[in-house]
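Novice: Handing you a structure now.
All of the numbers you see were taken from the coordinates with simple rules; none came from a lab. Please read these numbers as outputs of a predicted model, since none were measured by experiment. Quick reminder, even Gly has a Cβ in these numbers, built from the backbone with ideal geometry, and neighbours come from all protein chains shown.
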Amino acid sequence: LLQVAIVGGGPIGSRVAFKLAEYGYKTAVFEKRNNIGQKPCCTGIISQECVEKFSIPKSVILKTFNSASIFSPSGEYLRVFKTNPQAHILNRSAFDCELASQAQKKGVEYYLNSKIENLEILKDKVVLSAVINSENCKIETQYAVIAAGFCSPLVKQIGLGGINYVVAGAQVEVEIKDKLPEVEVYFDQSVAPGFFSWLVPISDNRCLAGLMTRQSPGKHLRNWLSVLESKNRIKKGNIRIRYGGIPLKTLSKTYSDRLLVVGDAAGQVKPTTGGGIYFGLLCADIAVDTLHKCIVNNASSARDLSIYEKLWSNKLSHELKVEYLTRRFYEKISNKQIEGIFRQVKKSGLVESMMEDGNLSFDWHGDLLLTGLRSSVTSGITKLLKSPFNKP
Ligand SMILES: Cc1cc2nc3c(=O)[nH]c(=O)nc-3n(C[C@H](O)[C@H](O)[C@H](O)COP(=O)(O)OP(=O)(O)OC[C@H]3O[C@@H](n4cnc5c(N)ncnc54)[C@H](O)[C@@H]3O)c2cc1C
């Protein structure tokens, strides 16, 4: 009988596995793909805070930045700049492999080509129905963790509901004409309706071009790539668009008897950017602390495990709420209104002053958003934004 079975060998599943193995628990990871690190679509941007907190080795980092440019539809831009490193671009595949290898070194067993199809929670154990190398089998475990990524059907199947506020991401790797010195983010409702697009350099002559949007992300990305080609920003070539789903809201319940849900499967993702690595890793550690306490006290009821949700909510809920509201707000505004916001923010010097007093954080920008709304900028923005909310 396993002590903890983890469904999903992405970064969050591997972090949970590693920490549990550090405590000495008999842990196994079940991954449906043939290999670790096969995530089809991720830009891999994480903060300096994340790198430091989780001791992420340089070997899995492609590039490091201390600045980014944010563009309005007409090409106005705001430059966010700090003297020390702010963001890192991961080699996502190498990152997943590194976390899995750290867990394996601590004794975690990895079962690849192993899809968990069903979970049955019994009084004294959880039984996983799996297809391992095309063979049906049952795995028994004391506790289970679902870290199976975006909208895992297992979550619904055990009665924890689903996430209904999601977005699709589409991304390609392309060759650039001139060296791209920093990350570029574009806000333009005609390019990425409701969301944004990005150019992220990964080497001297290549970058990731991608966008998030709810409808037809592939079509929108192809249109944007044609514009970038016509502006001589990128070279024409064969492209392979990769797609991925992103949850923008958390599950309403992330625990059950003998079970926790972590990472994208729980919707522990930043609603402003769609980044899920850092918050997922933070929640992974909270999940492990909860499981450790439960194992030591021989506790396994949903009530015992509910402390996990209390703890991660304490840490993230303010940030997630403000970001969620900002996201809903942004979805409603027009390009003209985006231009207005850019003008107001530039005029107010808000970004510069927040950079100077150190309040501008890559991961925790809820307070910046609140300050922005409360500051003198607010009156201008509110006036500008009156129309979309007044529509019948
Ligand atoms: C276009 C795009 C860009 C992104 N860019 C960023 C970014 O720049 N920064 C950032 O922080 N985040 C980014 N993200 C989000 C990030 O990719 C996720 O938050 C992160 O991968 C979550 O990790 P996870 O381990 O929870 O899930 P995943 O990485 O999805 O891993 C889940 C694993 O579970 C496996 N699995 C699923 N079901 C089963 C099953 N039934 N049995 C066994 N195994 C199963 C899957 O094969 C997968 O390996 C981006 C996402 C997209 C789509």
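Novice: Within the chain, which DSSP H helices have Cα atoms that stretch 24 Å or more along the helix axis and a mean Kyte-Doolittle hydropathy of at least -0.5?
Specialist: 277-296
Novice: Per residue of segment 238-250, what does 6.51 cos²θ - 1.76 cosθ + 1.60 with θ = phi - 60° give for ³J(HN,Hα)? Whole Hz please, x for Gly and Pro, Karplus curve as stated.
Specialist: Computed from phi, the couplings for segment 238-250 are 5, 10, 10, 6, 10, 10, x, x, 10, x, 10, 9, 8 Hz.
Novice: Which whole-number value in Å³ per residue fits the convex hull of the alpha carbons of the chain?
Specialist: 148 Å³
Novice: Trypsin sites (Lys or Arg not before Pro) within segment 114-187: which are DSSP loop residues with at most 10 other Cβ atoms inside 10 Å?
Specialist: Filter output for segment 114-187: Lys123, Lys179.
Novice: Next question, about the same structure. If contacts are Cα pairs under 8 angstrom and at least 6 residues apart, what is the relative contact order of the chain in percent?
Specialist: RCO, the chain: 17 percent.
Novice: Per the Debye formula with a single identical scatterer at each Cα and no solvent contribution, what log10 I(q)/I(0) holds for segment 127-217 at q = 0.10, 0.15, 0.25 Å⁻¹?
Specialist: So the normalised log intensities are -0.50, -0.78, -1.23.
Novice: Taking 8 Å as the Cα distance limit and 6 or more residues as the minimum spacing, I'd like the relative contact order of segment 243-322 as a percentage.
Specialist: The normalised contact order for segment 243-322 reaches 32 percent.
Novice: If you average 1/r across every pair of different Cα atoms in segment 178-293 and take the reciprocal, what Kirkwood value do you get, in Å?
Specialist: Value: 16.5 Å, from the Cα pair sum.
Novice: Can you list the aspartates and glutamates whose alpha carbon is less than 12 Å from that of Lys19, not counting same-chain residues fewer than 8 positions off?
Specialist: Within the straight-line cut-off, Lys19 pairs with Asp285, Asp289.
Novice: Still on this structure, I have one more. Just from the alpha-carbon atoms, what are the Rg and Dmax of segment 1-97 in angstroms?
Specialist: 17.5, 61
Novice: Which of the lysines could a cross-linker span from Lys270 if the Cα-Cα distance has to be under 23 Å and same-chain partners fewer than 8 positions apart are dropped?
Specialist: Lys39, Lys53, Lys63, Lys82, Lys156, Lys249, Lys253, Lys310, Lys315, Lys321, Lys332
Novice: Of Val227, Val16, Val345, which is the most mobile in a GNM of the chain whose springs link Cα atoms less than 10 angstrom apart?
Specialist: Val227
Novice: Which value in Å does the Kirkwood hydrodynamic radius of segment 59-102 take, with 1/r averaged over all unlike C-alpha pairs and then inverted?
Specialist: Taking every pair of different Cα atoms in segment 59-102, averaging 1/r and inverting gives 12.5 Å.
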